[in-house]
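**Q** One structure, pasted below without further comment.
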Amino acid sequence: MSTIQKIIPNLWFDNNLKEAADYYLSVFKDGKILNTTYYPETEADGLADFQQEFAGKILTIEFEVLGMRFIGINAGPLFKFNESVSFMIPCKDQNEIDYYWEALTADGGEESVCGWLKDKYGLSWQVCPENWEELNKKPGAFKKMMGMKKLIIDAF
């Protein structure tokens, strides 16, 4: 029996949702598209005059990565991602950290500090060891972490 995810992050994209969804499915190998919806074709179907540029195009894509559902909306340039919200990826070892770090910073992503990065769409991620709390209890761990971009487990 599967549990229903009670909160589903809804991510706003600037007319590049299909490209972004395909990108996330390429990074997270277990990912899959769950549902796609489209803007109405006409005003009679509910499309407002100001939405004419979207007629018949993808409205939302619901996808799943690492067992978590997301909904992306294709809605134009009005809102942008920022670092106030990020998604943590607990990694089992350094190889997994390296993989996600490289994949998510590729093609225009940006490194930040202490395991944080932004992907090429501006979405923030924290790529951390799964035993994060244990490592953080070691003497000097916080200082070491603040001096790193990508986290290196052996440095703790």
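**Q** Which whole-Hz ³J(HN,Hα) couplings does the stretch 118-123 yield from phi under the Karplus relation 6.51 cos²θ - 1.76 cosθ + 1.60, θ = phi - 60°, glycine and proline marked x?
**A** After applying 6.51 cos²θ - 1.76 cosθ + 1.60, I find 10, 7, 5, 9, x, 7 Hz.
**Q** Another question, if that's okay. Calculate, in whole percent, how much of the Cα-Cα pair population of the stretch 98-156 lies beyond 20 Å.
**A** Of the Cα pairs, 24 percent sit more than 20 Å apart.
**Q** Which of VAL27, VAL85 has the fewest other C-beta atoms within 10 Å, and how do the rest follow up to the most? Can you show the working numbers first?
**A** Numbers: VAL27 18, VAL85 10.
If I rank by nearby Cβ atoms, fewest first, I get VAL85, VAL27.
**Q** Calculate how many DSSP beta bridges within the chain are antiparallel, expressed in % of all such bridges and rounded to the nearest 5.
**A** Details: 17 of 27 bridges.
Of all bridge pairs located within the chain, approximately 65 percent are antiparallel.
**Q** For the chain, what does -39500 (n - 2.57) per DSSP helix run (n ≥ 4), summed and divided by total residues, give at 222 nm, in deg cm²/dmol to the nearest 500?
**A** On the way: 4 runs with 34 residues, N = 156.
Using -39500 (n - 2.57) per qualifying helix, the result is -6000 deg cm²/dmol.
**Q** Moving on. Under a crude label model (7 Å from the Cα following the beta-carbon direction), how far is ILE7 from SER84 in nanometres?
**A** 1.5
**Q** From the cross-link list LYS18/LYS149; LYS6/LYS32; LYS18/LYS92; LYS6/LYS150, which pairs have alpha carbons spaced over 28 Å apart? Walk me through the intermediate numbers first.
**A** Details: LYS18/LYS149 30 Å; LYS6/LYS32 19 Å; LYS18/LYS92 30 Å; LYS6/LYS150 31 Å.
With Cα atoms farther than 28 Å apart: LYS18/LYS149; LYS18/LYS92; LYS6/LYS150.
**Q** Now for a separate question. Taking just the C-alpha trace of the chain, give me its Rg and Dmax in Å.
**A** Here Rg and the maximum Cα pair distance are 18.4, 65 Å.
**Q** Please determine, in degrees from 0 to 90 and to the nearest 10, the orientation of helix 94-105 with respect to the longest principal axis defined by the Cα atoms of the chain, where the helix direction is its Cα long axis.
**A** Approximately 40 degrees, to the nearest 10.
**Q** Measure up LYS29/LYS143; LYS29/LYS138; LYS29/LYS120; LYS80/LYS137 against 23 Å on the Cα-Cα distance and list the ones that go over. Write down the numbers at each step before the final one.
**A** Details: LYS29/LYS143 33 Å; LYS29/LYS138 33 Å; LYS29/LYS120 18 Å; LYS80/LYS137 35 Å.
Check vs 23 Å cut-off fails for LYS29/LYS143; LYS29/LYS138; LYS80/LYS137.
**Q** Also, quick follow-up: Helix 17-27: angle to the longest alpha-carbon principal axis of the chain, degrees 0 to 90, nearest 10?
**A** Orientation of helix 17-27: about 30 degrees from the principal axis.
**Q** Mind pulling the per residue volume of the convex hull built on the Cα atoms of the stretch 10-74? Å³ is fine. Present the calculation step by step, with values, prior to reporting the outcome.
**A** Working: hull volume 4.8 nm³, N = 65.
Convex hull volume per residue, Cα atoms: 74 Å³.
Read the figures in this text as sums done on the coordinates, not as results from a lab. Small disclaimer: the values here were computed from a predicted structure and weren't measured. For neighbour counting, all protein chains shown are included, and Cβ atoms are generated from backbone atoms with ideal geometry for every residue, glycine included.
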